[in-house]
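**Q** For reference, the structure I am asking about is given below.
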Amino acid sequence: MTEETNGSEGSQSHLIKGRLEALSDGIFAFAMTLLVISLTVPDKATLVSSNAYALQVLINLYSGFMHYALAFLILGAFWLSQHMQFHSVRTPDKIFTWINLVTLMFVALLPFSSSFSGAFSGVPIGAMVFELNLFVIGMGLSLQWWYATDGNRLTESTLKPAYIRKVRFRNLVVPAVSLIGILFALSGNTWSSAIYMTLPVVYYFVERTFG
């Protein structure tokens with residue numbers, strides 16, 4: 001009876017983990033696809049058909065293109081990070097599941113914050129909405145990993161402490177950069193989102209330091 005019960009619980013845990021991964025993959029894919037919607041062509045384009053006007057439209061969309069590229073690549077990094085976390089998690093529990101769901105809620109919100117930021121590129125609040133969204137997603141992933149690995153709560157005991165520590169610091173990269181961007185925006189800087197260009201360098205530094 002005990003073996004049957006343990007087997008049933010193991011199958012249920014595996015099912016929950018699989019469904020969480022599928023839900024996460026779906027929401028990340030949906031959010032990354034929706035990001036392109038922020039790149040809208042004005043209705044006037046159907047009335048004014050000229051090279052000069054087309055070039056002007058492209059120039060005016062530069063902010064939207066920048067936020068689209070940033071959001072897409074950062075979401076890709078978030079997805080990869082979460083995939084690696086799920087690989088290390090043995091049996092997700094209710095708290096882990098809810099942390100994941102709340103994080104995914106803000107993942108789904110990113111197309112809006114990216115579009116809002118592109119539309120209000122000339123004012124600091126536009127950048128802050130985008131940066132705050134990324135900050136919350138990053139902190140959600142950090143909290144998820146911390147909860148799962150604290151005392152090997154949901155992970156195998158064979159998981160190396162050095163790896164756990166490296167992932168913890170890596171998860172904090174985007175929140176830290178986002179916080180700096182928010183501070184720049186508060187000071188009146190309308191180009192604060194450009195700070196995300198430093199992410200490859202920061203990630204490289206973390207990998208070299210804790211790798």
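**Q** Out of curiosity, is VAL102 closer than 30 Å to ARG19 by Cβ and not aromatic (Phe, Trp, Tyr)?
**A** For VAL102, the condition - closer than 30 Å to ARG19 by Cβ and not aromatic (Phe, Trp, Tyr) - is met.
**Q** Read through the list (1) crowded, with 18+ Cβ neighbours inside 10 Å; (2) farther than 27 Å from GLY26 by Cβ, then give the number of the only condition that PHE120 fails.
**A** It is condition (1) that PHE120 fails.
**Q** Here's another thing I want to ask about it. Just to be sure I understand, how many residues within segment 85-113 are among the aliphatic types (A, V, I, L, M) and in contact with a Phe, Trp or Tyr (Cβ under 9 Å, 6 or more places away or on another chain)?
**A** 7
**Q** Residues that are within 17 Å of GLU21 (Cβ to Cβ), assigned to a helix (DSSP H, G or I) and touching a Lys or Arg at 6+ places or on another chain (Cβ under 8 Å): does segment 84-91 have at least one?
**A** Yes - at least one qualifying residue is present in segment 84-91.
**Q** In addition: Being modelled with pLDDT of 90 or more and surrounded by fewer than 18 Cβ atoms within 10 Å (Cβ to Cβ) narrows it down to one of LEU55, LEU104, LEU39, LEU109, so name that one.
**A** LEU109
**Q** Now a separate question. Go through THR158, THR190 for me and flag whichever is in a loop (DSSP other than H, G, I, E, B), surrounded by fewer than 16 Cβ atoms within 10 Å (Cβ to Cβ) and among the hydroxyl-bearing types (Ser, Thr, Tyr).
**A** Going through THR158, THR190 in turn, just one is in a loop (DSSP other than H, G, I, E, B), surrounded by fewer than 16 Cβ atoms within 10 Å (Cβ to Cβ) and among the hydroxyl-bearing types (Ser, Thr, Tyr): THR158.
**Q** Within the set of pairs 6+ apart or on separate chains, which have a first residue in segment 167-185 that is farther than 30 Å from GLY122 by Cβ, a second that is of a type in the set (Val, Ile, Thr), and C-beta atoms under 6 Å apart?
**A** From segment 167-185, the pairs are PHE169/VAL206; ARG170/VAL206.
**Q** Here is a further query. Quick check: anything in segment 92-115 among the hydrophobic types (A, V, I, L, M, F, W, C) and touching a Pro at 6+ places or on another chain (Cβ under 6 Å)?
**A** Taking every residue of segment 92-115 in turn, none turns out to be among the hydrophobic types (A, V, I, L, M, F, W, C) and touching a Pro at 6+ places or on another chain (Cβ under 6 Å).
The values are calculated or read from the model by the stated rules, or taken from the named source; none is laboratory data. This one's a predicted model, so the numbers in the text were calculated from it and none came from an experiment. Here the Cβ is made from the backbone with ideal geometry for all residues, glycine too, and neighbour counts use every protein chain on show.
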